[in-house]
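The values are calculated or read from the model by the stated rules, or taken from the named source; none is laboratory data. A quick note: this is a predicted structure, and the numbers were derived from the prediction, not measured. Here the Cβ positions follow ideal geometry from the backbone for every residue, glycine too, while neighbour counts run over all protein chains shown. Surface accessibility is based on the protein's heavy atoms, side chains included, excluding ligands, DNA and RNA. Shrake-Rupley method; radii C 1.70, N 1.55, O 1.52, S 1.80 Å.
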Amino acid sequence: MMTETQDARALPGLAYTSEDLFAWELERFFRQGWLPVGRVAEFAEKGTQAAVMSAGRNILIAGTGDGVNVFVNACRHRGHELVAPACKIRRAQVWCAYHAWVYGLDGELRRAPRFEDAAERDPQGMGLLPVRSAEWNGWLFVNHSRDANDFSESLGNLTDILAPYHLGTLKQTSTEVYDVHANWKLLVENYLECYHCPSTHPELSKVQRTVNGEGFTSTGMWLGGSLDLKNSAASMSLDGQGPAWTFPELDENRARQVCYYAVLPGLFVTAMHDYVVTHRLDPVAPDRTRVICEWFFPEELLTSPGFTPDYAIDFWKTTNQQDWEACSSTQRGVSDPRYIAGPLASHEEELYTFLRALADAYRIDSPLRPLWTDQ
Ligand code: FES
Ligand SMILES: [Fe+2]
């Protein structure tokens, strides 16, 4: 039987090396998509003001006590940054260090010293410029465009699928930041297939099956599938050991599966029966991607006597390193102008679906759209 992937080829090398295409993708996919910038709890305390870079855009996240407001990190007077790059401070009001204009945490201009009628100079007012934001499962997402779909709408059925993990209540135990020398798409492609697992991840392949997984039916901006834990393994850990604990609402099958969800363009959620690991991608250059990996556990497990999250942290640190080496090596390979894109195996289906969505977006000069929902 002919499969759709039979005639499919990977993308040409230029897709991973071109500065022009990278700039186009940043604009179309990342700045018009919903991007995770951290957990709401990191910023929510009243007066917290954090400068964060997201898809090359500088934003100011201000905590209001019961949530956050997100603004362009530029003063409305002459554009000085309101919080210095990558800094996080606490102050009751937003204060510009250049000419001392003061704004409320709601972004409204409160005071412009020696310029009392400044607020009247613009019919829209001189408040800080808002950036669209949304909270989902404890994460703060931003969107740098004005006309993107509502975030919860764009997720389709993912919210319901992830409900048994109660992601919004999980506690984050650790973070690792990686500077990966590979194009962001190679990281997504790598996440969407386990063809590479037996050779790239000997430790992972001892605890998880690498074939015969289930592909999920997505109705939103995400793709994913699951693979079974091996019978001999209690958890995703280097020695297969782990706590005898399972998210109570998972059905019997899910409780023995490792579920991989790529929320496009920049978040991977890997959900297991006892913990969750996420990767956030922030593209820096055609051949560079900043990856933030975070580990999340249910409070009940974290507070159980003798529990330590090290088994999960060590496991994914090892797996991450192997993946980044594979992706960097691929980046070097596809950067050779003589490289010719090769064929895809029939089981590289999720990867094929992703590449098809990319090709469609390139063809009609559009943001990434979930083509798979039309099928
Ligand atoms: S640039 Fe901020 S007060 Fe002048
Ligand atoms: Fe991998």
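For His196, the accessible surface of its heavy atoms amounts to roughly 30 Å² (probe 1.4 Å, protein chains only, rounded to the nearest 10). Just the Kirkwood number for the stretch 151-374, please: inverse of mean 1/r across all distinct Cα pairs, in Å, one decimal. With all distinct Cα pairs of the stretch 151-374 included, I get 18.2 Å. Volume per residue of the convex hull around the Cα atoms, evaluated for the stretch 1-104, comes out as 146 Å³. Taking all protein chains together and a 1.4 Å probe, the residues Met53, Met126 rank Met53, Met126 from largest to smallest accessible area. So what does Trp136 come to for accessible area, using a 1.4 Å probe and Å² rounded to 10? Spelled out: Trp136, probe radius 1.4 Å, area about 20 Å². Solvent-accessible surface of the stretch 35-143, averaged per residue with a 1.4 angstrom probe and all protein chains in place: 50 square angstrom. Just how many pairs of Lys in the chain have C-alpha atoms closer than 23 Å, counting pairs that are eight or more places apart or on different chains? Close lysine pairs found across the chain: 8. For Ile59, neighbours were defined as the other residues whose beta-carbon sits under 12 Å from its Cβ, and their charges (Lys and Arg +1, Asp and Glu -1) total +2. Among Arg280, Arg91, Arg369, Arg356, the order of accessible area from largest down is Arg369, Arg91, Arg356, Arg280, computed with a 1.4 Å probe on protein heavy atoms. Under the shape rule built on the C-alpha gyration tensor, where the axes satisfy a ≥ b ≥ c, the stretch 166-245 is rounded, since a/c falls short of 1.5.
Among the protein heavy atoms of the chain, carbon and sulfur supply 49% of the accessible surface, probe 1.4 Å, non-protein parts ignored.
Across the stretch 275-282, rounded Karplus estimates of 3J(HN,Hα) from the backbone phi angles (6.51 cos²θ - 1.76 cosθ + 1.60, θ = phi - 60°) give 6, 9, 10, 10, 10, 10, 9, 10 Hz, Gly and Pro being marked x. Backbone phi angles across the stretch 18-27, fed through the Karplus curve with coefficients 6.51, -1.76 and 1.60 (θ = phi - 60°), yield HN-Hα couplings of 6, 5, 5, 5, 4, 5, 5, 5, 4, 5 Hz in residue order; Gly and Pro are listed as x.
Annotation: cysteines of the chain without a disulfide-compatible partner (Cβ-Cβ under 4.7 angstrom) are Cys87, Cys259, Cys293, Cys327. Expressed as a whole percent, the proportion of Cα-Cα pairs in the chain lying more than 30 Å apart is 43%.
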